[in-house]
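Okay, so here's the structure we're looking at.
The values are calculated or read from the model by the stated rules, or taken from the named source; none is laboratory data. This one's a predicted model, so the numbers in the text were calculated from it and none came from an experiment. Virtual Cβ from ideal backbone geometry, glycine too; neighbours counted across all protein chains shown.
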Amino acid sequence: MKSVVICGSQRYKEEIKGFAQKLRKLGVTVVFEPNFERQRAKMLTKAENERLKSKSYRDRVPAMVHEHFNRIRKADVCFVYNKKGYLGVNTTLELGFAHGLNMIIYALEPEMPTDHGGEICRDILFTEIVDKPEELVRRLV
């Protein structure tokens, strides 16, 4: 079975963790997740523009993104957890990085419409929309 790396926003931390746990229960032995543990719970509830006002946050984020790039390099497949079509700046970087590595990239949902902040260039990088862990597992075999 192929390994998978999950990319997604900190705002969906718990849901990403739950999605990864379901994949493991379904038999995926290698699932790389973003490491959101360095973030204080209080920061996770704030919008990105508010988090960026914190110097300690700004100091930690580049290392966290770089660390996740290493997880992406190790995986066979990338899964973008983009609930409601949302992708933040860091996840967009990760998506581009995965594409640059010629990875298959699955996404939870289509990109949000451009009039709601969506970006047409991200949507074209998705190989396929896969909204259930069971469906993703079928593609990893």
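Okay, here's what the table says:
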| item | result |
| --- | --- |
| Given (1) at pLDDT below 90; (2) surrounded by 18 or more Cβ atoms within 10 Å (Cβ to Cβ); (3) closer than 21 Å to MET103 by Cα, number of the condition ILE72 does not satisfy | (1) |
| Residues that are within 15 Å of LYS13 (Cβ to Cβ), without any contact (Cβ under 8 Å) to a residue 40 or more places away in the chain and within 14 Å of the chain's Cα centre (by Cα), drawn from segment 55-83 | MET64 |
| Positions within segment 84-106 being aromatic (Phe, Trp, Tyr) and touching a residue at least 60 places away in the same chain (Cβ under 8 Å), in sequence order | TYR86 |
| Answer from LYS83, LYS17 - the residue that is in contact with a Phe, Trp or Tyr (Cβ under 7 Å, 6 or more places away or on another chain) and under 20 Å from ILE129 (Cα atoms) | LYS83 |
| Leading residue by the ranking (farthest from ALA98 (Cα to Cα)) among those in segment 1-16 that are at pLDDT below 95 and of a type in the set (D, E, K, R) | GLU14 |
| Elements of type strands (runs of 3 or more DSSP E) contained in segment 1-118, each with 3 or more residues being farther than 17 Å from LEU136 by Cβ | none |
| Of all residues in segment 119-133 being in contact with a helix residue (DSSP H, G or I) (Cβ under 8 Å, 6 or more places away or on another chain) and assigned to a helix (DSSP H, G or I), the one that is modelled with the highest pLDDT | PRO133 |
| Pair list, Cβ under 7 Å, 6 or more apart: segment 119-141 residue over 18 Å from THR29 (Cβ atoms), other residue polar (S, T, N, Q) and surrounded by 15 or more Cβ atoms within 10 Å (Cβ to Cβ) | ARG122/THR92 |
